[in-house]
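Chemist: Below you will find the structure I want to go over with you.
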Amino acid sequence: MKEMILVLDFGGQYNQLIARRVRENNVYCEVHNYSDEIIDKLKTLQPRGIILTGGPQSVYADDSIKCKCELFELGIPILGICYGAQAMTYALGGSVEKAEVSEYGKTELSINDDSQVIINVEKESVDWIVPAKSRIFDGVENNSVVWMSHTDRITKVPEGFVVTASTENCPIAALEDASKNLYAVQFHPEVVHTVEGKKIFGNFIDICGCSRDWRMASFAEETINQLKEKIGNKKALCALSGGVDSSVAAVMMSKAIGKNLTCVFVDHGLLRKNEADEVEAVFKNYDLNFIRVDAGERFLTKLQGVTEPERKRKIIGEEFIRVFEEEAKKIGAVDFLVQGTIYPDVIESGLGKSAVIKSHHNVGGLPDHVDFKEIVEPLRLLFKDEVREVGRQLGLPEHLVSRQPFPGPGLGIRIIGEVTADKVKIVQEADYIYREEIAKAKVEGLGQYFAALTNMRSVGVMGDGRTYDYAIALRAVMTSDFMTAEAAQIPWKVLNTVANRIVNEVKGVNRVLYDCTSKPPATIEFE
Ligand code: XMP
């Protein structure tokens, strides 16, 4: 049986990052929604450890998800995070109350390491015996910065538990019953703002006794074998965009089913300048059945007059599927549609209980009816950097593997408001200049960078005349998992050159803005 840590999801927005942190430690990890039925499943799956995630509810609310006590009696090490910590506390007889002040942001963690200390919590005057430093904080500096985001807090620990750390506003920031391998933290070790979060996950993984032998190579091999078994001699059509994800999915599929795979590349007219020809040039050289469909007009017609971002995404997603269905009919007897969906697409489209941020066109943007027997998504559980690693294992060229991502709905979501042929042209040209200058200046460390067309027109002066034209927004972010991102500090000289070139060379633009926001609170794309 595969060594695994299982994440039980209570609906927090960044829960999938927990899986990411576990996998960084070379331990396979899956995320499942919490329900009482999961307890029987756990007996079969036998994970080495369980992590309970954060979530938006209050444990004391009638309709909140409560954990069954049985979960904590399975003998499996458990780490509760935020809501997960509160759910553990509540289930085992401790108390959780609404905090007087909600805590959101960075704070210092005071780790207890003196077995004699006794803490009183405000009015209640409850005493706890504090243990020697917890194993969960092995190697973690006292006063290390952690990220808090909660409105409720634990005010009394369950019997047998001790408090292992506190912060200024949260006297019970970590607690445990080490004899039962039950650990809980109120803060979020999964986000990068918790400076020693990775160490904390590593410590929990050690407590679980994992051997840390999971590698991407084994993922690729296992997945190709599973695909072979599942698809057998049947035919599949792969939605190929030329991006990293769908290219890796296509190569995996081709290794699994060979010529029974046809890759269909749809040029929806919302691609970057020259991109369609570049993609065709790359894939014509592979031993694959490759079809290019030019559908620009068709997509633009469907998008006429549409301004709402989610509608745009859904229309583009649906139209893609319709084109694939038509191509599949021409080939005949195609049962499977293969997509390069990755984990962040799944999460942000709002599966499980997290809120929908955007319907990624290959997940939440799918129409209700899809005329294929099944959709196959071999990379559904991987993060971007993991997909790149699989690509390298499969021998894909580095320039393709390290390409910056480009969203399925393309420039459609980089043009705020209605999409028209003129606007597509503007954003294509501006983006081309931006990419050219970034390459020339050899700016490194960027996860993604692009130009977007704002829906804002403003007054400018060119030559001796007044202009009333659009503003282009430039974005560049540093990220590895695309779940969180920092705005990149592009050298001013480069930005200046780009801005000058854009206003001079792209008709219809008289202003260039630079987006300095991180994700969260913004997202990487504009829509
Ligand atoms: P956001 O804008 O959600 O983007 O911060 C995170 C990453 O996902 C990409 N993205 C998409 N990829 N289909 C895709 O295949 C989509 O609908 C989609 N929307 C966003 C985005 O480019 C970034 O890399």
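Chemist: Report the local net charge at residue 214: Lys and Arg +1, Asp and Glu -1, summed over other residues whose C-beta lies under 10 Å from its C-beta.
Modeler: Spelling it out: positives minus negatives among the neighbours equals +2.
Chemist: Accessible area per residue, 1.4 Å probe, Å², for the chain: what's the number?
Modeler: Result: 43 Å² per residue.
Chemist: What does the charge count around residue 224 come to, taking other residues whose C-beta lies under 14 Å from its C-beta (Lys +1, Arg +1, Asp -1, Glu -1)?
Modeler: Overall, the nearby charge balance is 0.
Chemist: If you stretched the chain out fully between residue 234 and residue 335, how much longer would it get, using 0.36 nm times the residue separation minus the C-alpha to C-alpha distance? Walk me through the intermediate numbers first.
Modeler: Numbers: separation 101, 0.36 × 101 = 36.36 nm, distance 0.69 nm.
Length gained between residue 234 and residue 335: 35.7 nm.
Chemist: Let me ask something else about it. Determine, for the stretch 414-515, the count of lysine pairs separated by eight or more sequence positions (or lying on different chains) whose alpha-carbon distance falls under 13 Å.
Modeler: Close lysine pairs found across the stretch 414-515: 4.
Chemist: In deg cm²/dmol, rounded to 500, what helix-only [θ] at 222 nm does the chain give when every DSSP H run of at least 4 residues adds -39500 (n - 2.57) and the total is split over its residues?
Modeler: On the way: 14 runs with 164 residues, N = 527.
Dividing the helical sum by the residues of the chain leaves -9500 deg cm²/dmol.
Chemist: Give me the one-decimal nm value for the distance between modelled label points at residue 478 and residue 294, 7 Å along each residue's Cα-to-Cβ direction.
Modeler: With each label placed 7 Å out from Cα toward Cβ, I get 4.2 nm.
Chemist: Check the straight Cα-Cα distances from residue 68 and name the aspartates and glutamates below 14 Å, setting aside those fewer than 8 residues away within the same chain.
Modeler: Once the sequence-local aspartates and glutamates are set aside, what remains near residue 68 is 36, 37, 40.
Chemist: While we're here: Test of understanding: what is the full-extension gain from residue 385 to residue 398, defined as 0.36 nm times their sequence separation minus their Cα-Cα distance?
Modeler: Gain on extension, residue 385 to residue 398, equals 3.4 nm.
Chemist: Kindly express, to the nearest 10 degrees and within the range 0 to 90, the angle between helix 15-24's C-alpha long axis and the longest C-alpha principal axis of the chain.
Modeler: 90
Chemist: To the nearest whole percent, what portion of all C-alpha pairs in the chain is separated by more than 30 angstrom?
Modeler: So the pairs more than 30 Å apart make up 55 percent of the total in the chain.
Chemist: Would you rank 268, 193 by solvent-accessible area, highest first, keeping every protein chain in place and using a 1.4 Å probe?
Modeler: 193, 268
Chemist: Here is a further query. Of the listed peptides 96-107, 228-239, what is their order by residue-averaged count of other C-beta atoms within 10 Å, with the highest listed first?
Modeler: Numbers: 96-107: 13.5, 228-239: 17.2.
Packing proxy ranking, top to bottom: 228-239, 96-107.
Chemist: Still on this structure: Could you work out how far the C-alpha centroid of the stretch 475-525 sits from that of the stretch 250-311, in angstrom?
Modeler: When both Cα centres are located, 26 Å separates them.
Chemist: Taking Cα atoms, how many degrees apart are the long axis of helix 309-331 and the longest axis of the chain, rounded to 10 and kept between 0 and 90?
Modeler: Taking the Cα atoms of the chain, the angle to 309-331 is about 70 degrees.
Chemist: Expressed as a whole percent, how much of the Cα-Cα distance distribution for the stretch 414-515 exceeds 23 Å?
Modeler: The proportion of pairs with Cα distances above 23 Å equals 27 percent.
Chemist: Return the carbon/sulfur percentage of the accessible area of the chain, one whole number, probe 1.4 Å, all protein chains in place. Intermediate values should be presented prior to the final figure.
Modeler: On the way: 10770 of 22440 Å².
For the chain, the apolar C and S fraction of the accessible surface comes to 48 percent.
Chemist: Oh, and also: Please say if the stretch 216-401 is rounded, prolate or oblate, where rounded means a/c under 1.5 for a ≥ b ≥ c the square roots of the C-alpha gyration tensor eigenvalues, and otherwise the choice is prolate for a/b larger than b/c and oblate otherwise?
Modeler: Rounded, since a/c falls under 1.5.
Chemist: How many nm is it between the label spots at residue 213 and residue 113, if each spot is 7 Å from the Cα in line with the beta carbon?
Modeler: Calculated label separation equals 3.4 nm.
Chemist: At 0.36 nm per residue, and after removing the present C-alpha to C-alpha distance, how many nm does the segment from residue 306 to residue 489 gain when stretched out fully? Each step should come with its number before you reach the end.
Modeler: Numbers: separation 183, 0.36 × 183 = 65.88 nm, distance 3.39 nm.
Gain on extension, residue 306 to residue 489, equals 62.5 nm.
Chemist: Which sequence of 4, 478 reflects their accessible areas, 1.4 Å probe, from the largest down? Could you put the intermediate results ahead of the total?
Modeler: On the way: 4 10, 478 85 Å².
Output order, biggest surface exposure first: 478, 4.
Chemist: What does the charge add up to near residue 518, with Lys and Arg as +1, Asp and Glu as -1, over the other residues with Cβ less than 12 Å from its Cβ?
Modeler: 0
Chemist: I need the shape label for the stretch 4-207. Rule: rounded when a/c is under 1.5, else prolate if a/b > b/c, else oblate, with a, b, c from the alpha carbon gyration tensor.
Modeler: rounded
Chemist: Let me ask another. Is the stretch 1-80 best put as rounded, prolate or oblate by its Cα gyration tensor, with a ≥ b ≥ c the root eigenvalues, rounded for a/c under 1.5, and otherwise prolate when a/b is larger than b/c, oblate when not?
Modeler: Judged from the Cα gyration tensor, the stretch 1-80 comes out oblate (a/c at least 1.5, b/c at or above a/b).
Chemist: Okay, moving on. Greater than 19 Å separation of Cα atoms is the criterion. Which listed pairs, 133/180; 106/198; 302/373; 156/199, meet it?
Modeler: Over 19 Å apart, Cα to Cα: 302/373; 156/199.
Chemist: Sticking with the crude label model, points 7 Å out along Cα→Cβ, report the distance from residue 373 to residue 278 in nm, one decimal please.
Modeler: According to this spin-label approximation, the distance is 3.8 nm.
The values are calculated or read from the model by the stated rules, or taken from the named source; none is laboratory data. Bear in mind that the values here come from a model prediction, so they are computed numbers and not experimental data. Neighbour counts run over all protein chains shown; Cβ positions are idealised from the backbone, glycine included. What goes into the accessible areas is simple: the full protein's heavy atoms, side chains included, and nothing from ligands, DNA or RNA. Shrake-Rupley method; radii C 1.70, N 1.55, O 1.52, S 1.80 Å.
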